[in-house]
Amino acid sequence: MSWKIQSMEDYAVAYQKSKKNPNDFWADIAKTFTWKREWDSVLSGSIENTDVKWFDGAELNITENCLDRHLKERGDKVALLFEANDPNEAARTYTYKELHETVCKTANMIKDLGIKKGDRVCLYMSMVPELLISVLACARIGAVHSVVFGGFSAEALAGRIEDCECKLLITNDAGFRGAKTIPLKNISDEALEKPGSKCIEKVLVHKRVGENVSMKEGRDIWWHDVYDAASSDCVAEVMQAEDPLFILYTSGSTGKPKGILHSTAGYMVWAAYTFANVFQVEENDTYWCTADIGWITGHTYITYGPLLNGATTTMFEGVPTYPDAGRFWEIVEKHSISHLYTAPTAIRALMAHGKEIVESKNLKSLKVLGSVGEPINEEAWNWYNEVVGKKNCPIVDSWWQTETGGILISPLAGITETKPCYATLPLPGVFPVLMDTEGNEVPFGKGEGNLCIKTPWPGMTRGIWGDMDRFKQTYFSAYPGYYFTGDGCKRDEDSFYRITGRVDDVLNVSGHRIGTAEVEDAIGQHRDVIEAAIVGFDHDIKGQGIYAYVITNRLGDESIKAEILAAVTKHIGAIAKPDKIQLVPGLPKTRSGKIMRRILRKIAAHEFSNFGDTSTLLDPSIVDKIKEGVL
Ligand code: WTA
């Protein structure tokens, strides 16, 4: 590829060109893809007007770029490698030819269920090949996929189905996950009982576990009953560059989860460009990203990015610690994994089991180690580098978000110098700035501030589904004319960036984004709860843990804690369960009724001094009472 960066000189040239002449820069890259019609303009619209468009006027289908384009040269190359939850179950592979055929058949199967271009399809599945296949099948016929992580509850699923009015739900009978099975179909049935889910007309059920499930006449269809009859000939739908490709829900600092919308052409170019340059995967490599397709990392760096580049992508159904803490290393050895892309939380969890487990496996195939999802602490960075990478594999600490579509700041493997905890340098086309407390740009050079991006890049989100006002408010109002990330950041004397974490009320628990307001709402629904306040605290493995302060009319009754956990599991899912619940007689509120979270964060961190100005508190004595009961 003409645009593949191979040295720091290439990087500098590309970066400068992307700054001086972004239209030519991105047009040259875009030309290397398959289009049905070329664009009229490369970039149009602006951040100021929240009307950014890339490659407007162009027509394409992303799956032709992921699949058809490779058939001639790489038809027999493995596109997808599937490692099951049970290590004794044989791994499955799909060559590009086989994946193409399977996607086409699946696309026809979905079409036969009445799904047309523009319809929304919800995928609530475990990490089986059919999930990735369903994603691509939707894209093939122009349906908008909305994947919901299999750890969310029926209520959370229903809320997402209702918000974007999905017509079809694709699920599994159940999913294997470590020692557990997740009853996905039963949870789906519960979700579909809610009035808001009426928009669902059909449910397509893929059998994975062999669980006994009930099938509703006229609504539910087994995948295996209709798959064989579907034709393997599926002409790709013609999509406009800015047609929606997918919606993915993520948490913000307030309110319900937001349906982050990504459109077709810009996302495609960004996914392909960033995958190729950040990971530097070569033709015979086997790349493995351990994320779940329920999150953005699984969209861009398990599905679209690798396939757009004709790489072999690995999908793992299970968890790092099943059947034991050696599972990741066993998989690396078994499949000669060259690129491993995982989260700091997994690294820390495995680190706790000692290096002997890692050293007992042959990890010679490893070339590049990636990290994503949360700040990586120095200890974990060093362990990853020394124990896993034997100091031979560059550590690619990549920073990005659901909203950014793909990686924005990251070392390019083997090219950029690395530094523990630093995401290092922005990719070409990305112009980060740090904002000071007055809302001005911190002059270039060493500094610290809130991270914003100054100009549009192709992969940026185009909106929040059904709520453009909220979109403007959330990302473009704090610093008019800039995209505000919600992250704090430091820049060192080499202009390397270090992301320090969220500066808003979003927590990052084991790499999962959790909105404090959502958890507070869930707890508040318990009838004996008067009010709850959620803050994060440092957690050795999870990065951040969830600390809940709860006012209840059953103060002193410890049994309410289990009920609170159950409420969170019911309304959101087990991933949002608080690690600590403290029952309190009151919360530190200002006279105007605002909770002083700063004080609650300090107490949760066991810092009992320097609370700052507490003179505006309605009842300052409450602080001492909370301190006394700290967990
Ligand atoms: C955090 C995940 C530090 C950050 C791709 C961001 C990181 C949020 C890094 C987005 C990193 C992600 N270093 N922090 N390398 N990568 N984050 O939307 O706070 O699930 O805003 O996207 O994760 O989480 P999301």
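Just one of the listed residues (G445, G449, G463) is within 16 Å of the ligand (Cβ to nearest atom), open to solvent by less than 50 Å² (accessible area, probe 1.4 Å) and over 26 Å from A272 (Cβ atoms), and it is G449. Looking across the range 480-508, just one residue is open to solvent by 20 Å² or more (accessible area, probe 1.4 Å), among the hydrophobic types (A, V, I, L, M, F, W, C) and closer than 22 Å to G463 by Cβ, and that is F484.
When residues in the range 517-532 are screened for being crowded, with 23+ Cβ neighbours inside 10 Å and touching an Asp or Glu at 6+ places or on another chain (Cβ under 8 Å), 1 of them pass.
Residues in the range 64-111 that are of a type in the set (G, A, S) and within 30 Å of K180 (Cβ to Cβ) were compared, and the one that is most open to solvent (accessible area, probe 1.4 Å) is A90. Screening S477 on (1) within 14 Å of the ligand (Cβ to nearest atom); (2) open to solvent by 50 Å² or more (accessible area, probe 1.4 Å); (3) of a type in the set (S, T, N, Q) shows it passes everything except condition (1).
Can you tell me which residues in the range 43-55 are of a type in the set (D, E) and either open to solvent by less than 40 Å² (accessible area, probe 1.4 Å) or without any contact (Cβ under 8 Å) to a residue 60 or more places away in the chain (or both)? The one that is of a type in the set (D, E) and either open to solvent by less than 40 Å² (accessible area, probe 1.4 Å) or without any contact (Cβ under 8 Å) to a residue 60 or more places away in the chain (or both): D51. Only one of the listed residues (A343, A380) is within 14 Å of the ligand (Cβ to nearest atom), free of Cβ contacts under 8 Å to residues at least 60 places away in the same chain and farther than 28 Å from E9 by Cα. That residue is A380. Total residues in the range 583-617 satisfying the condition of being assigned to a loop (DSSP other than H, G, I, E, B), of a type outside the set (S, T, Y) and either open to solvent by less than 60 Å² (accessible area, probe 1.4 Å) or closer than 21 Å to V529 by Cα (or both): the figure is 11. Consider the range 359-374 and keep the residues that are touching a Phe, Trp or Tyr at 6+ places or on another chain (Cβ under 8 Å) and not in a loop (DSSP other than H, G, I, E, B). The one that is farthest from the ligand (Cβ to nearest atom) is V368. Within the range 481-518, the residues that satisfy the criterion of being more than 16 Å from the ligand (Cβ to nearest atom) and at negative phi are E493, D494, A517. Residue count for the range 555-582, restricted to those that are open to solvent by 50 Å² or more (accessible area, probe 1.4 Å) and aliphatic (A, V, I, L, M): 5.
There is at least one residue in the range 333-349 that is out of contact with any Phe, Trp or Tyr (no Cβ under 9 Å at 6 or more places or on another chain), under 23 Å from I293 (Cα atoms), assigned to a loop (DSSP other than H, G, I, E, B) and open to solvent by 30 Å² or more (accessible area, probe 1.4 Å). Considering V387, V372, V358, the condition of being surrounded by 16 or more Cβ atoms within 10 Å (Cβ to Cβ) and in contact with a strand residue (DSSP E or B) (Cβ under 6 Å, 6 or more places away or on another chain) is satisfied by V372 alone.
Applying a threshold of 8 Å to beta carbon distances and a minimum spacing of six or more residues, or different chains, the list of pairs starting in the range 418-439 at a residue that is among the aromatic types (F, W, Y) and ending at one that is outside any loop (DSSP other than H, G, I, E, B) and surrounded by fewer than 16 Cβ atoms within 10 Å (Cβ to Cβ) reads F431/K19.
Of everything listed in (1) open to solvent by 10 Å² or more (accessible area, probe 1.4 Å); (2) over 25 Å from the mean Cα position of the chain (by Cα); (3) of a type in the set (A, V, I, L, M, F, W, C), the single unmet condition for A58 is (1). Here is a check on your reading of the model: is K454 closer than 23 Å to H262 by Cβ, open to solvent by 50 Å² or more (accessible area, probe 1.4 Å) and away from the ligand (no atom under 16 Å from the Cβ)? Yes; evaluated as a whole, the condition is true for this residue.
Filter the range 297-315 down to the residues that are more than 14 Å from the ligand (Cβ to nearest atom) and either touching a Lys or Arg at 6+ places or on another chain (Cβ under 6 Å) or open to solvent by 10 Å² or more (accessible area, probe 1.4 Å) (or both) and list them by number. Selection gives N309, G310, T312.
For the range 410-428, a residue qualifies if it is closer than 18 Å to E378 by Cβ and either among the charged types (D, E, K, R) or part of a strand (DSSP E or B) (or both), and the qualifying residues are E417, K419, T424.
Considering every residue within the range 194-207, establish whether at least one is among the acidic types (D, E), assigned to a loop (DSSP other than H, G, I, E, B) and touching a residue at least 60 places away in the same chain (Cβ under 8 Å). Yes, the conditions are met somewhere in the range 194-207.
Would you say G259 is within 15 Å of the ligand (Cβ to nearest atom) and either open to solvent by 20 Å² or more (accessible area, probe 1.4 Å) or part of a strand (DSSP E or B) (or both)? Here the answer is yes, as G259 does meet what is asked. Restricting the range 390-423 to residues that are within 9 Å of the ligand (Cβ to nearest atom) and charged (D, E, K, R), which is nearest to G252 (Cα to Cα)? Result: E403.
Quick one: count up the residues across the range 281-296 that are open to solvent by 10 Å² or more (accessible area, probe 1.4 Å), within 16 Å of the ligand (Cβ to nearest atom) and assigned to a loop (DSSP other than H, G, I, E, B). Residues that pass the stated criteria total 4. Restricting the range 112-143 to residues that are basic (K, R) and either under 20 Å from I161 (Cβ atoms) or part of a loop (DSSP other than H, G, I, E, B) (or both) leaves a set whose member that is least open to solvent (accessible area, probe 1.4 Å) is R120.
Tell me whether the range 380-399 contains one or more residues that are touching an Asp or Glu at 6+ places or on another chain (Cβ under 7 Å) and within 28 Å of V135 (Cβ to Cβ). Within the range 380-399, none of the residues are touching an Asp or Glu at 6+ places or on another chain (Cβ under 7 Å) and within 28 Å of V135 (Cβ to Cβ).
The values are calculated or read from the model by the stated rules, or taken from the named source; none is laboratory data. Source: prediction; values computed, not measured. Neighbour counts are summed over all protein chains in view; Cβ atoms, including those assigned to glycine, are modelled from backbone coordinates with ideal geometry. Each accessible area value is taken on the protein alone, full model and side chains, heavy atoms only, with ligands, DNA and RNA left out. Shrake-Rupley method; radii C 1.70, N 1.55, O 1.52, S 1.80 Å.
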